[in-house]
Amino acid sequence: ETGVTQTPRHLVMGMTNKKSLKCEQHLGHNAMYWYKQSAKKPLELMFVYNFKEQTENNSVPSRFSPECPNSSHLFLHLHTLQPEDSALYLCASSQDFQGARNEQYFGPGTRLTVT
Amino acid sequence: QQPVQSPQAVILREGEDAVINCSSSKALYSVHWYRQKHGEAPVFLMILLKGGEQKGHEKISASFNEKKQQSSLYLTASQLSYSGTYFCGTEGLSDRKLIWGLGTSLAVNP
């Protein structure tokens, strides 16, 4: 596998379920990101990890819980979600998380539907 | 505050040129440009750093005017493969946070 992979590609879950999204990057990058993409809204940065340490949490509700066990893997744990959380969740990675080396490579995304 | 992109949408015939603009209300360190095709992940096009540089790759180029806090993406002699949504992301000079615009939808027809 090359680039950034995400699983699952599609997920339907009830409001009381617990599920996890997985992201893996094969690029040797140091920074990883979770984004939420909804129709007619800008890409919304959720979390940033740099060298496995969380550097940003953009006021994301606690029902979203990230985990970064190493520089290559990133998880997003989901529980008691709301219908408005339905969206495309994108993972990305970059060499550095700021400046000239912040060229981000995106995974294909997980299309999440909360029923 | 998110950058403002204009136009929101543009339709071209193959071979025509287009300009997409990205404006910010705050001082910028860098501007990033990405293209996303329907159902696919965003793909990196280029990063421009403060200093008023211009970059180009084949028929797609961009400029960054740091004094005006603006960047423009130039697509010349458009091809069908240029269709998609173009996003700019701006990195603030002080907070160094990357914030994204709403995107510009570009359709290139034969």
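In chain B, taking the dipole from charged Cβ atoms about the Cα centre, the farthest positive-side position among B:W33, B:V19, B:G89 is held by B:G89.
Most exposed first by the Cβ proxy, i.e. fewest other Cβ within 10 Å, how do A:R101, A:R111 rank? Don't skip to the end; give the middle numbers.
Values: A:R101 13, A:R111 16.
If I rank by nearby Cβ atoms, fewest first, I get A:R101, A:R111.
Amide hydrogen proximity for B:E66: with H placed 1.01 Å from N in the peptide plane, the residues at 5 or more positions away or on another chain lying under 5 Å are B:G51, B:G52. Its relative contact order, with pairs defined as Cα atoms under 8 Å and 6+ residues apart, puts chain A at 36 percent.
Every pair of different Cα atoms in chain B enters the Kirkwood calculation, which places the hydrodynamic radius at 13.8 Å. For the peptides B:4-16, A:83-95, the ranking by packing is A:83-95, B:4-16, with the highest mean count of neighbouring Cβ atoms within 10 Å listed first. Here, P(r) means the percent of Cα pairs in each 10 Å bin from 0 to the largest distance; for the protein assembly as shown it is 8, 33, 35, 20, 5, 0. Shape summary of chain A, radius of gyration then Dmax from alpha carbon positions: 13.3, 42 Å.
Shielding value for B:98-104 is 5, the average number of Cβ atoms from other chains within 10 Å of each residue's Cβ.
Throughout, read-outs are computed from the coordinates displayed, never taken from laboratory work. What you see is a predicted model; the values in this text were computed from it and never measured. Ideal geometry is used to build each Cβ from the backbone, glycine not excepted, and the neighbour counts take in all protein chains shown.
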